[in-house]
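Down below is the structure, laid out as structure tokens.
The values are calculated or read from the model by the stated rules, or taken from the named source; none is laboratory data. No experiment lies behind these values; they were computed from the predicted model shown. Virtual Cβ from ideal backbone geometry, glycine too; neighbours counted across all protein chains shown. These area figures cover heavy atoms from the full protein model, side chains too; ligands, DNA and RNA do not enter into them. Shrake-Rupley method; radii C 1.70, N 1.55, O 1.52, S 1.80 Å.
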Amino acid sequence: MKVESLEDLAKLVDYSLVDTLNSDPDASQDGVDHSPREVFSGHYVPVKPTPIKNPKYIAHSKTLFNELGFSDSLAHSDDFIRMFSGDLSQLPEPMSKLGWATGYALSIYGTEYYQQCPFNTGNGYGDGRAMSILEAVLNSKRWEMQLKGGGQTPYCRGADGRAVLRSSVREFLAQEHMHALGIPTSRSLSLYTSDDEKVMRPWFREDSHSRDPEVMIEESVAITTRVAPSFIRVGQVELFGRRARKNEHPNARKELEMIVLHLIEREYSDEIDATLALKEKVLLLASEFRARLTSLVANWMRVGYCQGNFNSDNCSAGGFTLDYGPFGFIDMFDPDYQPWTGGGKHFSFFNQPNAAEKNFHVFCMALAPLLKADKDALQMLNDIRNDFAKVMQEQMQKMWSAKLGLDTFDGGLFKELKGLMIDTSIDYTIFFRELSSLPKNIEPLTKSFYKKQLNEVTLQHWSRWLKMWNVLINVRDEKSREELSKKMKLVNPKYTLREWFLVPAYKEATKGNYTHIRELQEVMIKPYDEQSTEIQEKYYRLKPSQFFEVAGISHISCSS
């Protein structure tokens, strides 16, 4: 069925979350619930979005529209723009005129936190400016649609509930790009802004090297709609796990069981048989999530992506990329690369497997109350949890082998390469893309070197490494050479969404010029392709020296 109008879309709605889970018993009936307060129970809070003023179209995902069966013209229609800029008042039946926000707990690198909650209880954590407004079955697949920046919720902790144009452009393009890279992710539906509504945000002075924001700037608000099978986070399951563990209210264990079964139905129904006993479902869930999470992180590192704030609340329980706040795609290779000034080494590029393990441990702790009466099942859960590092290592070795065009991982070759990449200051994306052409000498690889004046010893070291690598790939004829090169180029992208590409795009957007955004969108949805000479010259090149260490380009402190 082609969706040409909201009336067409209304025929496909199916609100499984609000129909099967518990609403907060203290919630208002009309959804006017915009002041910070504690939420003690229930899986969601009905909330009315706050529309942005005079919404204006910037972009939509033609790829996702096609996948959903949406007509492209829909993105420009008045009623569609109203809906996805926060005005649900005129939706046709049976579409809901209320959205919903969910609570979650916060763990940072495996440590439970309560103090950032204004009530110091954790009952104020949750979707402070994100709210889902639609759940529908489209082309036989269930999707949930969520506004980012749709106004205040009970979880807003005193903030204004808005997202600004800058961060909305980043998230819209990043989700499009990540999907095109072949990595599981939430998706981008649409991006609308307002010329009339503005908010103040902390940011950096022009060309500053500060690690902390220095000024308050006025920015236009925007709403990007992100789409996923569900938006259940590890932190969300963790919240109900904590409540069940502490027996915080009479229904605590039941609400944990409900959210876990709902997660399985929404995200793992193909892998977990609905007729199984609860114990078997929980153990299979832990095992399946471990497989997805380890694969996800290995793929992030394959393309040079760093999730700078990988807390439990920013970790999707469905095993896909979620929350593009202080993310970054690496330029110069650095294992300690971290785009967020508040993230520290625990969320740095090469430490992402360890951060993922911490989140997985939190997830397993949250599941444990459901198995409390069965010691054998608890031990099995503990075994799944303890094997995370082993499974993660296997995924990482598989990934590095694929990037290098090898059938099996060679630890010595990789260790030597890692040292050379650091010493030579190579561009991560350009290096592996040039390697994918199977060079017989180091000349093509020097395109990726930030250090242009290398001593003879280093050059000889590179030549020895390349010679050893050529022996290991064992290419004997031109046909096999072409086949391997093609295979490696499907692993090593030519284009990644670097921050210094994004900055001019969102700066131009503040002046009403969206051309750069749309160009980036077209380039970044074809990251493995050889594109035009003009595009190559603009986007396949080393990061200009003047951008290094510049605030807002090399590092950011908030996502707004």
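Quick notes
- So Lys62, is it in contact with a helix residue (DSSP H, G or I) (Cβ under 7 Å, 6 or more places away or on another chain) and surrounded by fewer than 17 Cβ atoms within 10 Å (Cβ to Cβ): yes
- Taken together, Glu135, Glu112, Glu67 contain a single residue that is crowded, with 21+ Cβ neighbours inside 10 Å and of a type in the set (Asp, Glu), which is Glu135.
A quick yes/no check of all residues on (1) part of a loop (DSSP other than H, G, I, E, B); (2) under 29 Å from Glu218 (Cα atoms); (3) of a type outside the set (S, T, N, Q):
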{"position": "Trp500", "(1), (2), (3)": "no, yes, yes"}
{"position": "Pro504", "(1), (2), (3)": "no, yes, yes"}
{"position": "Lys511", "(1), (2), (3)": "yes, yes, yes"}
{"position": "Glu519", "(1), (2), (3)": "no, yes, yes"}
{"position": "Asp529", "(1), (2), (3)": "yes, no, yes"}
{"position": "Gln536", "(1), (2), (3)": "no, no, no"}
{"position": "Arg541", "(1), (2), (3)": "yes, no, yes"}
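- Check on Phe327, under 23 Å from Lys141 (Cα atoms), among the hydrophobic types (A, V, I, L, M, F, W, C) and either surrounded by fewer than 20 Cβ atoms within 10 Å (Cβ to Cβ) or touching a strand residue (DSSP E or B) at 6+ places or on another chain (Cβ under 7 Å) (or both): no
- Neighbours by Cβ (under 8 Å, 6+ apart or cross-chain): first from region 125-136, farther than 11 Å from Pro49 by Cα; second modelled with pLDDT of 95 or more and charged (D, E, K, R): Tyr125/Asp313; Leu134/Glu144; Glu135/Asp14; Glu135/Arg142; Glu135/Glu144; Ala136/Asp14; Ala136/Arg142
- Answer from Leu520, Leu484, Leu502, Leu497 - the residue that is within 20 Å of Ser436 (Cα to Cα), among the aliphatic types (A, V, I, L, M) and within 28 Å of the chain's Cα centre (by Cα): Leu497
- Residue match in region 492-515 (condition: open to solvent by 40 Å² or more (accessible area, probe 1.4 Å) and either within 24 Å of Glu416 (Cβ to Cβ) or among the aliphatic types (A, V, I, L, M) (or both)): no
- All of Leu484, Leu497, Leu502 fail the test of being closer than 19 Å to Ile183 by Cα and in contact with a Leu (Cβ under 8 Å, 6 or more places away or on another chain), apart from Leu497.
- Scanning region 519-539 for residues that are farther than 28 Å from Trp203 by Cα and surrounded by fewer than 18 Cβ atoms within 10 Å (Cβ to Cβ) gives Glu522, Lys526, Tyr528, Asp529, Glu530, Gln531, Ser532, Thr533, Glu534, Ile535, Gln536, Glu537.
- Failed criterion for Thr458 (all others in (1) open to solvent by 50 Å² or more (accessible area, probe 1.4 Å); (2) in a helix (DSSP H, G or I); (3) more than 23 Å from Phe329 (Cβ to Cβ); (4) among the β-branched types (Val, Ile, Thr) hold): (1)
- Look at (1) loosely packed, with under 13 Cβ neighbours inside 10 Å; (2) touching a residue at least 40 places away in the same chain (Cβ under 8 Å) and you find that Arg476 fails only one, number (2).
- Considered as a group, the residues in region 285-335 that are among the charged types (D, E, K, R) and assigned to a helix (DSSP H, G or I) include one that is farthest from Glu171 (Cα to Cα), and that residue is Glu288.
- Filter pass, Ser96 being at pLDDT 95 or above, assigned to a loop (DSSP other than H, G, I, E, B) and open to solvent by 10 Å² or more (accessible area, probe 1.4 Å): yes
- Residue within region 377-399 that is on the phi < 0 side of the Ramachandran plot, touching a Phe, Trp or Tyr at 6+ places or on another chain (Cβ under 6 Å), in a helix (DSSP H, G or I) and open to solvent by 10 Å² or more (accessible area, probe 1.4 Å) present: yes
- When the criteria are applied in full, Leu263 fails the requirement of being of a type in the set (A, V, I, L, M), assigned to a loop (DSSP other than H, G, I, E, B) and within 30 Å of Leu367 (Cβ to Cβ).
- Only residues that are assigned to a loop (DSSP other than H, G, I, E, B), in contact (Cβ under 8 Å) with a residue 24 or more places away in the chain and open to solvent by 30 Å² or more (accessible area, probe 1.4 Å) were counted across region 6-29, and they come to 3.
- Region 424-452 residues that are more than 15 Å from Met332 (Cβ to Cβ), paired with ones that are modelled with pLDDT under 95 and among the β-branched types (Val, Ile, Thr) (beta carbon under 8 Å, 6 or more apart): Leu438/Val475
Quick grid of which residues meet (1) in contact with a strand residue (DSSP E or B) (Cβ under 9 Å, 6 or more places away or on another chain); (2) farther than 30 Å from Arg211 by Cβ; (3) free of Cβ contacts under 8 Å to residues at least 60 places away in the same chain:
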site	(1), (2), (3)
Asn251	no, yes, no
His262	no, yes, no
Ala274	no, yes, yes
Glu280	no, yes, yes
Ser287	no, yes, no
Thr321	yes, no, no
His346	yes, no, no
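- Only one entry in Ala356, Ala366 is among the small types (Gly, Ala, Ser), surrounded by 21 or more Cβ atoms within 10 Å (Cβ to Cβ), touching a Ser or Thr at 6+ places or on another chain (Cβ under 8 Å) and modelled with pLDDT of 95 or more, namely Ala356.
- Residue within region 417-431 that is modelled with pLDDT under 95 and in a loop (DSSP other than H, G, I, E, B) present: no
- Flag if Asn54 is at positive phi and at pLDDT 95 or above: yes
- Residue match in region 439-451 (condition: open to solvent by 70 Å² or more (accessible area, probe 1.4 Å), closer than 24 Å to Leu497 by Cα, of a type outside the set (Phe, Trp, Tyr) and modelled with pLDDT under 95): yes
- Yes/no for Leu74 being touching a residue at least 40 places away in the same chain (Cβ under 8 Å), in a loop (DSSP other than H, G, I, E, B), open to solvent by less than 10 Å² (accessible area, probe 1.4 Å) and under 22 Å from Asp195 (Cα atoms): no
- Count of residues meeting criterion [in a loop (DSSP other than H, G, I, E, B) and either aromatic (Phe, Trp, Tyr) or crowded, with 18+ Cβ neighbours inside 10 Å (or both)] in region 479-491: 1
- Selected residue (criterion: surrounded by the fewest Cβ atoms within 10 Å (Cβ to Cβ)) from residues of region 161-201 that are in a strand (DSSP E or B) and of a type in the set (S, T, N, Q): Ser194
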